[in-house]
Every structure is written in C-alpha cells, then in structure tokens.
Amino acid sequence: MQNNNFPRSALVWLLVAISGVYFPLQSQLPLWTALVFITVLGWRWLMHLGRVPMLNTLGKIGVVTAAIAAVVISAKGKFHLESAATFILVACLLKVLEIKNQRDGYIIIFISFFLLAVNFLFDQGILTTLYSIFVVWLLLAALVGLHQIVSHGENMSRHARSAAKISSQVLLLSLPIMLVLFVLFPRLGPLWSLNLQSGKAKTGLSEQMSPGDIAKLSNSDELVFRVKFLADTPPADQWYWRALVLDEYQQVEGRALWQPSGLFKQADWFPQSWQPELGVGIYDYQITQEGNNKKWLFGLRGIAAMEKDIGMTKDDRLISKKKISQRKNYLVRSAPNMKIAPQGLSDLVRQQSVQLQQSVQLKKSNQKSHQLAQQILLENDSDRGRMEAMLQYYRQQEFSYTLQPEQMQNNDIDQFLFSNRAGFCAHFASSFVFVMRAMNIPARIVAGYQGGELNPESGHITVRQYDAHAWAEVWLEGEGWVSVDPTAQVAPDRITSGLRSALKEDEFMSDSQFSLVKLSHLPWLNSLRLSLDNLNYQWHQSVLNFNKQKQSSQLKKWFGQGYLEKSLYWLIGLFIVIFFASAGLLLWTRSNPKLSPLQKSLAYLDKRLAIVELQRKESEGFSDYSLRLQQAFPQHNKSIQRLFEALQNQYFTEQGAKQSLKQRFNDEKRLSQQLKKLAQNLTIAKSKSSLRQ
C-alpha cells in the first residue's frame, strides 16, 4: 500500500465521523471516556491549526499507559462487552493523535466501522439503524477525503461536497445489493443473537422481594417485552404476566423477605410439556422479550411451553434453558381460567406454602397480624370465606396506594396493616399472604408485570418496568390455586387503567420528567410516541426476527419445491445483472462526461466552426486558438481576444480558483452566453465571406 501523507482536507470528515461513532456508545461506556473524547479531538484540531505540537514518544507512552489503566480499573479487572468496547474506542481515539499518513487514516476508519457494528450489540432499534446509516455515510466520505488532493490556496469546500456526493452514490448503489443479500443469502445468526455477557446491570425484577422493592421500578420506562395475541385478546383484567413464584418467607432485620424455595426448579421441556388444545378461553400469543440475564420467561396464567428449549415448571411458569442475554422471540399458549392443582398439594408443597417464622424469637413478631388471622379464622367456616374476609379488611380500612410509604423496619407487616396503611403492591401482597399462612391456608406471592399499553395501530401490547406488580395465589379445596390481587381492593384503577391512573400526578415517574411516557398527556406527542413504538415493533418482527425458518418459509412461498437451489440461481443472476448494469453505467459516463454550461458552449463553438474547418485542435490551447481565430476573422479580433483572455483567467489563474461558488457560476454563465454569441457571429461572417467569393 502506498503510504502517502495524510491530506489535511480529510481531517474534518474524519473527526465528524468518529464523533458520530462515539455518541451512541457513550451511554454504554464509563463516563471518563467522554473526557478522553473531548481532549483528543480538541488537541488534534489545535494540532491541525498549528497551535500545539504532536506528542513525542514519551508522551504517547504515558497516554497509552494511563488509558489502559483506566480501562482495567473501570472494568474492575473483568472482561465483558463494555470493557472490550471501551478499550477499542480509546485505542481508536488515541490513534487520532498520531495521524501522519493515509495508512493511519485507513486504520481509524476501519476501527470506526467495527465500533459502529459493536453498537448493534447494545441496541437494534430502527432509529439506531437509521443513525448508523448516516454514520456509514460520514465514514465513506472520510475515506473518499483520504484520496483527494487539494492544491495550496484551493477552496476545500468543493472537495468536501465532492466527498459527500461520492459517499451518497456508494450508499445508493449498495442498497439493492443489501436487500438482495438480506432476502436470498442463506441466513446466519446475527452477532447480537449470540450469548454475549454484558457487565452492565439489568434493571428489573429480582429473585428476592421485600415490601417496597417493586416500587423502585416505577420510575423506569425501560421496555420489558411486547406481546401480540394471534387471535382473540383476553380482557385487560387478565393481563397478569407471571415471572416468579415466591413461596419462601424469611424475616431479615425485622422486614419480610420473599424468595423462591427451590421446590420447582425442575421443568417439563417442550414438546414433552403440557399443551392444551386451542379453544374457547385459550390464547396463543407471541412475546418479544428484552434481555435481562435471567432464565425466566413471561406468560399469563395456565401457561404452556410451545418452543424448543423452553420448559414449564410445576408452579405455572415458563423458563429457558439459557439466560436471556439478548432479545428473544417466543410463542406461548395460556388458559387463564383453568384450575391449577385442584386435586390437592403434596405434603412438601403444602408445608412450604404455609411456612412462616422458624425460630421462637421470630414467632413473637407481627403479633397483631397473627391476632387478626385468628379472629378471621374463628369468624368464618371456610377457607374461601376467610380469604374474602381478609380482602374485605383492605376495603373497609383506610388503606391507600402510594409509591412513597413511610419506612417500616421491625414488625413491618403489623406496621402496614395497623399503623401506616399506605404502600405499594408488594406491601399488600406480602401482608395478605402472611395472614393467609397464619391461618394455615396455603398461599404464595407471584411477581411479574400487570397490564401494559395497547398500541391501536398494530394491536400489540407494550409492557415496561413501571408495570411491575406483585399479587397472591391461595390454594382452596376443589378449586386449586386461585389468583388474588389485594391491591385491586384499594386501587382498582391500577388494574384496569394502569399505574398512572392509580397515583397522584407528581408520583408517577417522578424522577423522569422528560420521558415520552411522562409527557403522554400531550395528544400530538403521545400519538408520535405510539407511532414510533409501532415502527420499532414492526422492525423487530419483520427484520430482526427474519431468521432461517422465516426465510425458508418465504422462499418456499416464492419458488416452491427446490426453493433453496432456485434462490441461489436468482442470487447469482441478480449479481450478474447488477455487475453488467454497473459496468455499462461506468462506461457510459466515461464516454459521455458531464459538461458544465461553459464547456457545452465551447463544444457548441467548435461544432459551428467545424463547418468551415476552424474548430479547436486537440492539443491547441486557448492562446493559440485565439490567435488563429483572430487571423481568420480580423474584423472580430478584439472581441475574440477579450473573450479568450477571460477564459484563461477563469480556468488557469489563482484568482479564478479563489472565486466563491456563486461568483464562479455567474462568470461562467456570462462567458457561456458570450461564446454562443461569438459562434453565431463568426458563422455569419464566414457565410458572408463565402458569398462574396
């Protein structure tokens, strides 16, 4: 590779392109990389202006050492996706400080292309894709700029426009090739579908829950999953998306702590798992779940696994064999009204479902709650009646629903039921299950999400972190596990209309004033938000989920039997057509170069004078041609001389090169008109001369 000097005109394109690559990555990387970015680009620009020197060898060693140490410290010695991306980005930025030749420019541009691809490991939304296409255009323009030669004193803006134009042409020409490859080329799993572990903590549900924990998610509008029902959609009051069953109670520092007991780790994996026949009250739906680094999946009550590597546990949950580190699309079937375990419970499950405190000391805690349980137990003669009595207690007492309850430490169940009486869903579910167990009635907490936002354009449901919810299940003789939501007794709007309607306006997403969800009370902005959500959903379904199975189905629909072989023939044929079409276009443009108006006027002059064999010769310059025409037309010698001197100044002097674009255009337009007029005058003069002879 020829190692030419780095053209100064390419630096602006290069710095803008690197900035475009950096901005989306910053949200995933340590904050100190912003300081490196600003320092490096500022220093390099000052070097370009000649105000600061290039770093010497000792300075480079110091900067590189400090950068490596910062990467290692921020990653805490661990290697993961963010630390790797940070290292490559910092290396690319530091390379900017030592640009000397074209080779350095190539290295930076190619690393930038790689970093642009890395950004898709974090987000694959349609806005990210459109932004990435824009950055590709910047990088291609920078690559073109590396090959432009700008003379001293020449206007660089014209070269910048030329680089932008060529970059646009390359992108437009690559578009049909990209579409053909996407549809016909055998599918390979995208890099973002691999199980790449990230060092960034995921927000969402935890496997341990204390009253108030779920309230922390209420300030996050982060996407959890999207749901699309394939036929009928169940009523909104059945949108309880199960994730965890918390059946083990502990008391830690005076506070209730609920977690899975581990009794239901075993799963029945598809296709051996239970699968109800599709019918009335049974729903099929597609879930597109965001990565959460957990194995649990989401679904309505009465759940059934429908795909490979997905299983169903005995406590009515779906799980995956691998952690969901990236977006996952899967089919689910549910029968929300089915009876679960109506035949009875095993001794082990029953014992776990009524378990409370283990030690004598802990049994003395929450005494008022135990007394309430005994009172309800004596006043009612059936477990269903006792359950209804406890739900009535919430309705009759002055309970309120809030995200900001008073802090409860010791005897937190007693404090909530008899003192504070204000809390979030986890407070209601925890206290309800506690009292049920105190009456020796099997009960457990279910954690997941409730509700969601129905998009009127596509019909899909979007569930976000603020939809996190906890409810209860009680086992009743002959009925099995019955879903109960104590929160609905106090805040029914939370179940029917969502979290926002159940809270005071200043409580909903109080830490996110500029969230689009927070501003959804503005009709035009809410409409825009829903349209964007629909666009992203369609993008995920049609493009990101265009896997090998969908491709095979589509190709079979188009080509019938032997679709794979036929599609390859089509692929080869289309490439041949594109190749010859591109080659023909290049040959045509070379043989028919685009002429400026002034060049067209010169060609017109040659064509008119060719009739009398006075056209300009191939190797003849403007000066010689002007003298020859003056000799042939002595009556027009002054006008010929002035016009060709103006042409000389326009094309070959420093004054002409320094003209602004507008001034150059006006001068060329004027000269073009004068050339046409001269061609007509000379032709007329020659005709008159011929008649006289």
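The values are calculated or read from the model by the stated rules, or taken from the named source; none is laboratory data. This structure is a prediction, so every number in the text was calculated from the model and none was measured. Heads up, the Cβs are rebuilt from the backbone with ideal geometry, glycines too, and the neighbour counts pull from every protein chain shown.
Determine whether the range 600-619 contains at least one residue that is loosely packed, with under 12 Cβ neighbours inside 10 Å, under 23 Å from S174 (Cα atoms) and at pLDDT below 80. No, the range 600-619 has no match at all. Just one residue in the set K78, K95 is among the charged types (D, E, K, R) and at pLDDT 90 or above; that residue is K95. Being within 24 Å of the chain's Cα centre (by Cα), outside any helix (DSSP H, G or I) and surrounded by 11 or more Cβ atoms within 10 Å (Cβ to Cβ) holds for only one residue in P30, P24, and it is P30. Exactly one residue out of N420, N410 is without any contact (Cβ under 8 Å) to a residue 40 or more places away in the chain, over 30 Å from A231 (Cα atoms) and of a type outside the set (K, R): that is N420. Here D221, D247, D232 are screened, and the one residue that is of a type in the set (D, E) and at pLDDT below 85 is D221. Contact annotation: residue pairs with Cβ atoms under 6 Å, 6 or more positions apart or on different chains, pairing a residue in the range 88-116 that is in the same structural domain as I133 (by TED's automatic domain parsing) and closer than 22 Å to A66 by Cα with a partner that is of a type in the set (G, A, S) and buried (at least 17 other Cβ atoms within 10 Å of the Cβ), are V90/A67. Screening the range 220-271 for residues that are touching a residue at least 24 places away in the same chain (Cβ under 8 Å) and of a type in the set (G, A, S) and picking the one that is farthest from D493 (Cα to Cα) gives A267. The residues of the range 341-360 that are in contact with a strand residue (DSSP E or B) (Cβ under 8 Å, 6 or more places away or on another chain), closer than 15 Å to E473 by Cα and assigned to a loop (DSSP other than H, G, I, E, B), listed by number, are A341, P342, L345, Q355. Of all residues in the range 533-543, those that are in contact with a helix residue (DSSP H, G or I) (Cβ under 8 Å, 6 or more places away or on another chain) and under 19 Å from G452 (Cα atoms) total 2. Filtering the range 537-554 to residues that are in contact with a strand residue (DSSP E or B) (Cβ under 9 Å, 6 or more places away or on another chain) and in a helix (DSSP H, G or I) leaves Y537, H540, Q541, L544. Note on the range 293-311: residues that are more than 26 Å from the chain's Cα centre (by Cα), not in a loop (DSSP other than H, G, I, E, B) and not hydrophobic (A, V, I, L, M, F, W, C) amount to 1. Of A10, A69, all but one fail to be at pLDDT 90 or above and assigned to a helix (DSSP H, G or I); the exception is A69.
Residues of the range 495-537 that are surrounded by 14 or more Cβ atoms within 10 Å (Cβ to Cβ) and modelled with pLDDT of 80 or more: I495, N526, R529, L530, L532, D533, N534, L535, N536, Y537.
Just name the residue that is modelled with the lowest pLDDT out of those in the range 554-564 that are on the phi < 0 side of the Ramachandran plot and exposed (fewer than 11 other Cβ atoms within 10 Å of the Cβ). This residue is Q561.
The residues of the range 42-66 that are farther than 17 Å from F87 by Cα and part of a helix (DSSP H, G or I), listed by number, are G42, W43, R44, W45, L46, M47, H48, L49, T57, L58, G59. Residue count for the range 384-412 under the criterion of being of a type outside the set (A, V, I, L, M, F, W, C) and in contact with a Pro (Cβ under 9 Å, 6 or more places away or on another chain): the result is 3. Quick check on the range 147-154. Is at least one of its residues at pLDDT 80 or above and at negative phi? Yes, that holds for at least one residue.
Whenever a residue of the range 366-393 is at positive phi, its partners that are acidic (D, E), lying with C-beta atoms within less than 6 angstrom and at least six residues away or across chains, give the pairs N366/D414. Examine the range 635-656 for a residue that is assigned to a helix (DSSP H, G or I), among the acidic types (D, E), under 30 Å from S157 (Cβ atoms) and at pLDDT below 70, and state whether such a residue exists. Yes - at least one qualifying residue is present in the range 635-656. Check the range 331-340 and report whether any residue there is part of a loop (DSSP other than H, G, I, E, B), within 30 Å of D232 (Cα to Cα), in the same structural domain as G311 (by TED's automatic domain parsing) and small (G, A, S). Within the range 331-340 (the criterion being part of a loop (DSSP other than H, G, I, E, B), within 30 Å of D232 (Cα to Cα), in the same structural domain as G311 (by TED's automatic domain parsing) and small (G, A, S)), the answer is yes, since at least one residue qualifies.
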